[in-house]
Amino acid sequence: MSSTVARPHDSVGQRPEADDRMTIGTPTLDQLRVFVSVVEAGSFAQAARSLHRATSVVSYTIANLEAQLGVGLFARAGTRRPILTDAGRSLLADARLVLDSVDGLRAKARGLETGLEAEVGLAVDVMLPTPRLVDALKGFQDAFPTVTLRLHVEALGGVAQMVLDGRAGVGVSGPLNQGMHGIESTPVGEIELIPVAAPGHPLAAPLHLPAAPVKHRDARLHVQLVLADRSALTAGRDFGVIGTRTWRLADLGSKHALLLAGIGWGNMPLTMVRDDLRAGRLVRLQVPDAPPTRYRFSAIHRVDTPPGPAASWLIQRLSDDVSAG
């Protein structure tokens, strides 16, 4: 620790004169903790009681901290209670940040000692309803504040590919992972996929009545918007594709935007387009060869790499929420 020649200052935020320049020392964690305790307690005596120390020890610690920093933290003259100086108010947030960071480091170290993961890599199918994912991750953050999360959103076989490659420890995959070697899966619910198009699309224009069906030959003549499988694991395997003309899209948001623009038709999660249907921005099609489909999700992980406590909690949370979406 650097030595100092500074004196505590009673004046507000007083700086040393240029000819009396001081060396700024390095405060200890204990000094910062006592500083914050005095502020929160409102008095040196109360801070001493909460820290189980003598009041004189607390006062001495603050004096040494002021000497280390070269500024007065409290204006003591003319008041019975310690009042923060401008410098004290400015440095308080930094002191709290340092203490919070150290407390977080200690908590993470304790977790690692007990087997808690430092990080969880999660890959989820793009079809998983966003509110359900957000709810699970909010609970995860509350339960495991020291665990870092890496979230990946993939389509079709991309989730299983990331889990098998070790880039994600756990995943929430669609039905294309079924029967894959080395993967253990747990059902975590399903959603309904329905065929839709914009009101001005040729397939939707004749639908003056909701029950009017679209002929198979008509649907095949128009561009079907399909999510692209960016993995080699399930390349060539399609889900719900009947069109001979397809546009392959990398993400569900782009597909949704093109459908609203009247460019093609396609299957979408009912939960995602329900408001569009009510507002008339999209029309639900009745395609005999592309009826509404149940898209089933599974929480997956590698058989030889079982999930740790945090990842296991996440899988259980998703399993408990199978009715969501």
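Here is the figure for the range 102-118: residues that are open to solvent by 90 Å² or more (accessible area, probe 1.4 Å) and either touching a strand residue (DSSP E or B) at 6+ places or on another chain (Cβ under 8 Å) or modelled with pLDDT of 90 or more (or both) total 0. State whether one or more residues within the range 54-66 are assigned to a helix (DSSP H, G or I), among the hydrophobic types (A, V, I, L, M, F, W, C) and within 18 Å of L97 (Cβ to Cβ). Scanning the range 54-66 turns up at least one residue that is assigned to a helix (DSSP H, G or I), among the hydrophobic types (A, V, I, L, M, F, W, C) and within 18 Å of L97 (Cβ to Cβ).
When the range 30-53 is limited to residues that are outside any helix (DSSP H, G or I) and not hydroxyl-bearing (S, T, Y), the one that is farthest from R80 (Cα to Cα) turns out to be H52.
Of all residues in the range 292-321, those that are touching a residue at least 12 places away in the same chain (Cβ under 8 Å) and β-branched (V, I, T) have Cβ atoms under 6 Å from Cβ atoms of residues that are open to solvent by 70 Å² or more (accessible area, probe 1.4 Å) and not in a helix (DSSP H, G or I), 6 or more apart or on another chain, in V303/E184. Here S37, S50 are screened, and the one residue that is of a type in the set (S, T, Y), open to solvent by less than 50 Å² (accessible area, probe 1.4 Å) and at pLDDT below 90 is S37. Every test in (1) modelled with pLDDT under 90; (2) open to solvent by 10 Å² or more (accessible area, probe 1.4 Å) is passed by A261 save one, and that test is (1). The number of residues in the range 67-87 that are of a type in the set (S, T, N, Q) and either in a loop (DSSP other than H, G, I, E, B) or surrounded by fewer than 21 Cβ atoms within 10 Å (Cβ to Cβ) (or both) comes to 2. The requirement of being surrounded by fewer than 18 Cβ atoms within 10 Å (Cβ to Cβ), more than 18 Å from P129 (Cβ to Cβ) and modelled with pLDDT of 90 or more is fulfilled nowhere in the range 231-243; no residue meets it. For the range 17-34, filtered to residues that are open to solvent by 50 Å² or more (accessible area, probe 1.4 Å) and not charged (D, E, K, R), the residue that is modelled with the highest pLDDT is L29. On the basis of being open to solvent by 10 Å² or more (accessible area, probe 1.4 Å), over 22 Å from L258 (Cα atoms) and modelled with pLDDT of 80 or more, does P187 make the cut? Yes: the conditions hold for P187.
Checked against (1) in a strand (DSSP E or B); (2) among the hydrophobic types (A, V, I, L, M, F, W, C); (3) within 30 Å of S319 (Cα to Cα); (4) at pLDDT below 90, M268 passes all but condition (4).
Scanning the range 195-214 for residues that are open to solvent by 20 Å² or more (accessible area, probe 1.4 Å) and modelled with pLDDT of 55 or more yields P199, G200, P202, A205, P206, P213.
The values are calculated or read from the model by the stated rules, or taken from the named source; none is laboratory data. Keep in mind the model is a prediction, meaning the values are calculated, not measured. Note that each Cβ is placed from the backbone with ideal geometry, even for glycine, and that neighbours are counted across all protein chains shown. These accessible areas exclude ligands, DNA and RNA; they are computed on the full protein's heavy atoms, side chains included. Shrake-Rupley method; radii C 1.70, N 1.55, O 1.52, S 1.80 Å.
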